[in-house]
Amino acid sequence: MEVPGGAGSEPPTRPGERRHRRLPAPAVLVVAFAAGSVPFSNIASRLLHEVDLRDVGSGTVSGTSLYDVAGFGPLAVAGVLEVAKGAVGPLLAGRDRPRLAALAGGAAVAGHNWSPFLRGAGGRGVSPALGALLAQDWPGGALLLGGMTAGRLVRQTALGCLVADLALVPWLGRRRGPDGVRVAAAVVLPMLAKRLAGNAPAPRPSAYFARLVFDRDDFAPARGA
């Protein structure tokens with residue numbers, strides 16, 4: 001069974017046109033997941049201060065935790081890499097395989113959220129989602145970045161990101177139709193799933209709603225995403 005938008009659906013080569021070899025769809029998805037799973041923030045924290053971010057605060061491997069441990073400089077460098085890894089899969093897929101590119105963006109977010117290098121731990125997927133969106137439809141990335149920034153300004157980053165997440169699907173759907181819906185849904189679904197899953201089993205049923213809104217187990221706003 002072929003992955004939608006995969007190598008089997010490539011347009012025929014025109015006479016005299018040279019076909020460039022490129023990765024088949026399954027390989028693109030594997031590379032996208034592998035790139036997304038590289039925990040640059042945790043690597044920086046361990047190299048500079050020998051601190052595992054899983055042991056800091058809520059246990060989320062995020063830029064906020066790295067900033068608390070190492071400051072702005074390492075956060076800036078690791079942050080660029082965290083965003084860039086989300087663009088790897090969509091760029092490998094190419095613009096003529098939009099369905100594959102959307103799936104690759106989602107694979108990068110999933111790899112970040114459930115990294116095999118961290119035994120299934122990870123972040124919340126905002127940075128690789130930003131990279132995946134910028135590679136496919138930059139206004140979607142701007143919307144996500146704007147939501148995160150607005151949330152930080154009022155000290156409710158998680159809530160700001162949630163509002164942006166919920167707006168992404170209709171926004172990109174209006175811009176690009178079904179392709180836009182796929183791009184947005186591919187990154188939003190693993191982000192929301194990770195929020196609900198958290199870093200440990202929920203202590204009570206009401207915690208799932210708190211996780212969805214504030215990314216923590218109570219109703220106080222989360223500090224970072």
Which numbered condition residue 168 misses (of (1) surrounded by fewer than 24 Cβ atoms within 10 Å (Cβ to Cβ); (2) without any contact (Cβ under 8 Å) to a residue 40 or more places away in the chain) = (1)
Being under 30 Å from residue 99 (Cβ atoms), among the hydrophobic types (A, V, I, L, M, F, W, C) and either surrounded by fewer than 22 Cβ atoms within 10 Å (Cβ to Cβ) or touching a residue at least 24 places away in the same chain (Cβ under 8 Å) (or both), is that true of even one residue in the range 53-64?
-> yes
Count of residues meeting criterion [farther than 20 Å from residue 128 by Cβ and either touching an Asp or Glu at 6+ places or on another chain (Cβ under 6 Å) or surrounded by fewer than 18 Cβ atoms within 10 Å (Cβ to Cβ) (or both)] in the range 65-78 = 4
Check whether at least one residue in the range 171-192 is assigned to a helix (DSSP H, G or I), buried (at least 21 other Cβ atoms within 10 Å of the Cβ) and basic (Lys, Arg), and report yes or no.
-> yes
Contact list, first residue from the range 182-201 and over 16 Å from residue 127 (Cβ atoms) and modelled with pLDDT of 95 or more, second anywhere and among the acidic types (Asp, Glu) and in a loop (DSSP other than H, G, I, E, B), beta-carbon distance below 7 Å, six or more apart or interchain, is 183/137
Residue by residue through the range 154-212, note down the ones that are charged (D, E, K, R) and farther than 20 Å from residue 101 by Cβ.
-> 155, 194, 195, 204, 211
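Here is a yes/no grid of residues against (1) within 22 Å of the chain's Cα centre (by Cα); (2) modelled with pLDDT of 95 or more; (3) over 15 Å from residue 110 (Cβ atoms):
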site	(1), (2), (3)
1	no, no, yes
4	yes, no, yes
16	no, no, yes
20	no, no, yes
33	yes, yes, no
Would you say residue 151 is out of contact with any Ser or Thr (no Cβ under 8 Å at 6 or more places or on another chain), in contact (Cβ under 8 Å) with a residue 40 or more places away in the chain and part of a helix (DSSP H, G or I)?
-> no
Residues within the range 54-94 that are under 13 Å from residue 112 (Cβ atoms) and in a helix (DSSP H, G or I), tallied = 12
Taking the condition under 19 Å from residue 66 (Cβ atoms) and not in a helix (DSSP H, G or I), does residue 124 pass?
-> yes
Any chance you could count how many residues in the range 98-151 are among the basic types (Lys, Arg) and crowded, with 24+ Cβ neighbours inside 10 Å?
-> 1
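The values are calculated or read from the model by the stated rules, or taken from the named source; none is laboratory data. Computed from a predicted structure; not experimentally measured. Positions of Cβ are backbone-derived with ideal geometry, glycine not excepted, and every protein chain shown enters the neighbour counts.
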